[in-house]
Amino acid sequence: MAKTTSDDHRDPDLIAVQAGSAAASEMTRPAGLDRDRILTAAIAFIDENGLSALTMRRLGATLGVEAMALYRYVPGREDLLDGVVDRVVETLFDKDDGDDIYVEDHNGWQDYLMRLAHGVRRIALAHPSVFPLVASRPPAAPWVRPPLRSLRMVESFLGTLTDAGFPDQAAVAAYRAYSSFLLGHLLLEVTQLGAQVSLLDQPEGDPEAQANTDLTQFPALLRTEKLLSRDKSAAEFEEALENLLDRLERVLRETRASDGDAGDLA
């Protein structure tokens, strides 16, 4: 992944988002009503009006149809929201949408995690009002902790790490630490952009979504269900806090050492 030079303080993710928005604005809108057009319209509606304003009736009005016409392509609101998340997340897996964040073209698990982090941040910057949906509990697998609505992203993460030699327990621990950091940071960032962050998930899941989702296509996710469903929030909070304090202590030591070297040169 390309990095900025020391004299370039521009935000590379923001630059990529702005370039992508300019290219998208030149695309023609598809004719006729279908699922693709509905999801595209839903994302645009949320971007402009916020998630809380989205209803099937209002979305239908923006497309010039009655709300009932939408149900042929999106059976219900949860299916619509799942589709919106899948649409914004697919940029991570579509090589044509940006080779530098195409996660499946990585050079090892560390490069994968770097690509994934920057790719998810670009999603958050491009669609701040949509992003809280990404961090909500998946209706078809409500036991995923921390919640990440895109099952494809969870499967990709676990599969990449286990393929790299991580045992299931270590891969799940890495998922917990990584997603807690990433989602926590980005949710704070999108609130600064005006997004409303609220409880959007259904703790018990959605029976219709569970019935309509074939989880066998996510073998790593199913294999680690018991590990992913454990609530270890308190222990993970303490561990993250201790790691932060250790990092600050290293910063203090390095600062003191630097000040000492400067004094010797004076």
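The values are calculated or read from the model by the stated rules, or taken from the named source; none is laboratory data. Since this is a predicted model, take the numbers as computed values, not measurements. Cβ sites come from the backbone with ideal geometry, for glycine too, and all protein chains shown count toward neighbours.
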Query raised in the report: So, in region 73-132, of the ones that are hydroxyl-bearing (S, T, Y) and surrounded by fewer than 23 Cβ atoms within 10 Å (Cβ to Cβ), which residue ends up farthest from the chain's Cα centre (by Cα)?
Result: Y73
Query raised in the report: Of the residues E249, E208, E189, which single one is assigned to a helix (DSSP H, G or I), more than 25 Å from R121 (Cα to Cα) and at pLDDT 85 or above?
Result: E249
Report summary line: Per the list (1) closer than 21 Å to R77 by Cα; (2) in a helix (DSSP H, G or I); (3) at pLDDT below 90, residue check on L133 breaks on (3)
Query raised in the report: Just a yes or no: is a residue in region 14-24 polar (S, T, N, Q), at pLDDT 70 or above and either assigned by TED's automatic domain parsing to the domain that holds F157 or part of a helix (DSSP H, G or I) (or both)?
Result: yes
**Report entry** Only listed residue being under 12 Å from the mean Cα position of the chain (by Cα) and not assigned by TED's automatic domain parsing to the domain that holds G50, chosen from L186, L228, L222, L161
**Finding:** L186
Report summary line: Listed by first then second residue, the pairs whose first member lies in region 42-65 and is within 13 Å of F131 (Cα to Cα) and not assigned by TED's automatic domain parsing to the domain that holds R87, whose partner is in a helix (DSSP H, G or I) and of a type in the set (D, E, K, R), with beta carbons under 8 Å and at least 6 positions apart or on separate chains, are I43/R87
Query raised in the report: Would region 137-149 turn up any residue that is of a type outside the set (G, A, S), touching a residue at least 40 places away in the same chain (Cβ under 8 Å), buried (at least 21 other Cβ atoms within 10 Å of the Cβ) and in a helix (DSSP H, G or I)?
Result: no
Query raised in the report: Has region 210-219 got at least one residue that is surrounded by 13 or more Cβ atoms within 10 Å (Cβ to Cβ) and acidic (D, E)?
Result: no
